[in-house]
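What follows is a single structure, written as structure tokens, with notes after it.
The values are calculated or read from the model by the stated rules, or taken from the named source; none is laboratory data. Because the structure is a prediction, the values reported are computed rather than measured. Don't worry about glycine lacking a Cβ; one is built from the backbone with ideal geometry, like all the others, and counts go over all protein chains shown.
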Amino acid sequence: MRSQSDQSLAFSRRGFLRRSFEMGITCGFPLGALWTCGCKSAPETGRKQLLLVPESQELTLGAQAFDKVSTEAQESTNTALAEVVRRVGKRIADQSGRTDFEWEFKLFASPEQNAFCLPGGKVAIYEGILPVCQNEAGLAVVMSHEVAHALARHGGERMSQNMAVDSVKQLGSLLAKKHVAGREELLMQAYGVGSQYLVLLPYNRKQESEADHIGVMLMSRAGYDPTEAPKFWSRFAQSKEGDQPIEFLSTHPNDQRRSDDLLKLMDEAQGHYARSVKIGLGQNLLA
């Protein structure tokens, strides 16, 4: 026969299971799915991540959000540079391991020093960042860094962290089909779409450094000289001098530390570069 304390514990457990079931219904999928998709590891670094949003949801939202941005932003009329963006993007995509992504690469006519990649391989580059890139390899630094954010699901990680704070019930509300517009907005914010559309939610320093790490390996495998990565960040630091606001990576590690960290990865990156079909610095974008 159970003691009174045992019975109380049993009632407590049943109450917890009932509430868990109710939260699972509210979320639109079983609570156990949260635990299944919650424990993931980032590529290259193996860092453990909290990811509560199924990747299939991110891919759907990424396509919807990119369509929205594409209708609101003006694409560049410089067909030659737009072709360079597509060429560099394809080479990086070929090294990503994500053949399931429907990759798109667009150059937008904007003076902002900005770029982003949404889930599913939806990549946008703003004309304003190209003078800092100077050449294809510099562009590869930017594109591979943004692709790395998407491959590592850093936006989904930020969404998950916010959702965990807001409670599981809020997670259900955000994923509900009747809130499509709100979900698209949340995803675009989480993946750093330019503030002319939404409030930019900056990646944290750990995610930025991780994207640097993944990105320099991607560009090296794609045949671009990895030594251009620390040089790009030096140029980017110089471009921030003065009062002009900078949208691209508005919160990121100290530029000198970032360059130093990339230099520590050069031996590994050079190993990938040595085995690649070499492009080197590629085309000069300033000509």
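Restricting attention to segment 130-166, the residues being over 24 Å from Pro54 (Cα atoms), surrounded by fewer than 24 Cβ atoms within 10 Å (Cβ to Cβ) and in contact with a helix residue (DSSP H, G or I) (Cβ under 6 Å, 6 or more places away or on another chain) number 1. Can you find a residue that is under 16 Å from Ala150 (Cα atoms) and not in a helix (DSSP H, G or I) anywhere in segment 69-82? There is no residue in segment 69-82 that is under 16 Å from Ala150 (Cα atoms) and not in a helix (DSSP H, G or I). Quick check on Pro226: is it assigned to a loop (DSSP other than H, G, I, E, B) and farther than 12 Å from Ala148 by Cβ? It is true that Pro226 is assigned to a loop (DSSP other than H, G, I, E, B) and farther than 12 Å from Ala148 by Cβ.
Whenever a residue of segment 261-276 is touching a residue at least 24 places away in the same chain (Cβ under 8 Å), its partners that are among the acidic types (Asp, Glu) and outside any helix (DSSP H, G or I), lying with C-beta atoms within less than 8 angstrom and at least six residues away or across chains, give the pairs Tyr273/Asp225.
Cβ-Cβ distance below 7 Å, separation of 6 or more or different chains: which pairs start in segment 85-114 with a residue that is in contact (Cβ under 8 Å) with a residue 40 or more places away in the chain and end on one that is surrounded by 19 or more Cβ atoms within 10 Å (Cβ to Cβ) and polar (S, T, N, Q)? Pairs found: Ile92/Ser144.
Flag not set for Ala140, criterion: under 17 Å from the mean Cα position of the chain (by Cα), under 23 Å from Ser220 (Cβ atoms), assigned to a helix (DSSP H, G or I) and modelled with pLDDT under 95.
A single member of Glu228, Glu247, Glu268, Glu208 is among the acidic types (Asp, Glu), under 16 Å from the mean Cα position of the chain (by Cα) and modelled with pLDDT of 60 or more, and it is Glu208. Taking the criterion of being of a type in the set (Phe, Trp, Tyr), over 22 Å from Lys206 (Cβ atoms) and modelled with pLDDT of 95 or more, would at least one residue in segment 110-130 satisfy it? Yes: one or more hits.
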